Amino acid sequence: MVSKSAMTSAEFRSLAEFRYHIRIFLNGSEEAARRADLEPQQYLLLLAVRGLPLGRKASIRTLAERMQLRHHTVVELVDRLERRLLLRRERSQVDRRKVIVHLTPRGEKILTKLAKQRIAELRTAAPALVRALTALIRSTRSRRGPSS
């Protein structure tokens, strides 16, 4: 008898297939960043700054949380991007201890070019990603029931 917590081969295959399609997309993003003379993490930081939810400020803490990185790692990334004139720092008007990060016009231009490329690629990759995610959800729901 198979326990409810045991995973089926179909679930493993579905999860692996979904991860495979995500990696294809992410690998393309990493390569596009390198072609733009950025490290992948630098591109992701620019994207995190520009893509924050409305009302959120790009503090180091917020960026670290959004990127799932340590505070000091984000500081180093900001340092490098600031030296390249892609980002600038400014003290928060509300709390002078906080630093808020902004894209420079140059950073905005590079990010926009990369983001447009990635969205175009996502339009191509989306059907396979959606199929893989749908198969994963179905494979786990069918055994555990809709309320799980």
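Take LEU26 and decide whether it is out of contact with any helix residue (DSSP H, G or I) (no Cβ under 7 Å at 6 or more places or on another chain), surrounded by 12 or more Cβ atoms within 10 Å (Cβ to Cβ) and under 19 Å from LYS116 (Cβ atoms).
Spelling it out, LEU26 is indeed out of contact with any helix residue (DSSP H, G or I) (no Cβ under 7 Å at 6 or more places or on another chain), surrounded by 12 or more Cβ atoms within 10 Å (Cβ to Cβ) and under 19 Å from LYS116 (Cβ atoms).
This table checks each residue for (1) more than 15 Å from the chain's Cα centre (by Cα); (2) under 24 Å from TYR20 (Cα atoms); (3) in contact (Cβ under 8 Å) with a residue 12 or more places away in the chain.
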| position | (1), (2), (3) |
| --- | --- |
| GLN41 | no, yes, yes |
| ARG50 | no, no, yes |
| THR62 | no, no, no |
| VAL94 | yes, no, no |
| ARG118 | no, yes, yes |
| THR124 | yes, yes, no |
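If you go through segment 67-79 one residue at a time, do you hit one that is farther than 30 Å from THR8 by Cβ, in contact (Cβ under 8 Å) with a residue 40 or more places away in the chain and surrounded by 16 or more Cβ atoms within 10 Å (Cβ to Cβ)?
No, that holds for no residue.
Just give me the residues in segment 85-99 being surrounded by 15 or more Cβ atoms within 10 Å (Cβ to Cβ) and at pLDDT 95 or above, in sequence order.
LEU86, LEU87
Sort out which residues of segment 96-108 are in a helix (DSSP H, G or I) and either on the phi > 0 side of the Ramachandran plot or more than 19 Å from the chain's Cα centre (by Cα) (or both), and write them in order of number.
Across segment 96-108, the qualifying residues are PRO105, ARG106.
Take segment 23-56 and flag every residue that is not in a helix (DSSP H, G or I) and not aliphatic (A, V, I, L, M).
Residues satisfying the conditions are ASP37, GLU39, GLY51, PRO53, GLY55, ARG56.
Which numbered condition in (1) modelled with pLDDT of 95 or more; (2) in contact with a helix residue (DSSP H, G or I) (Cβ under 7 Å, 6 or more places away or on another chain); (3) more than 26 Å from GLU121 (Cα to Cα) is the only one that THR62 fails?
Here THR62 clears every test but (2).
Does GLN93 count as over 19 Å from GLY55 (Cα atoms) and either not in a helix (DSSP H, G or I) or not hydroxyl-bearing (Ser, Thr, Tyr) (or both)?
No; evaluated as a whole, the condition is false for this residue.
The values are calculated or read from the model by the stated rules, or taken from the named source; none is laboratory data. Only a predicted model underlies this, so the values are computations on that prediction, with no experimental measurement involved. When we count neighbours, we look across all protein chains shown, and the Cβ atoms used for this are built from the backbone with ideal geometry, even at glycine.
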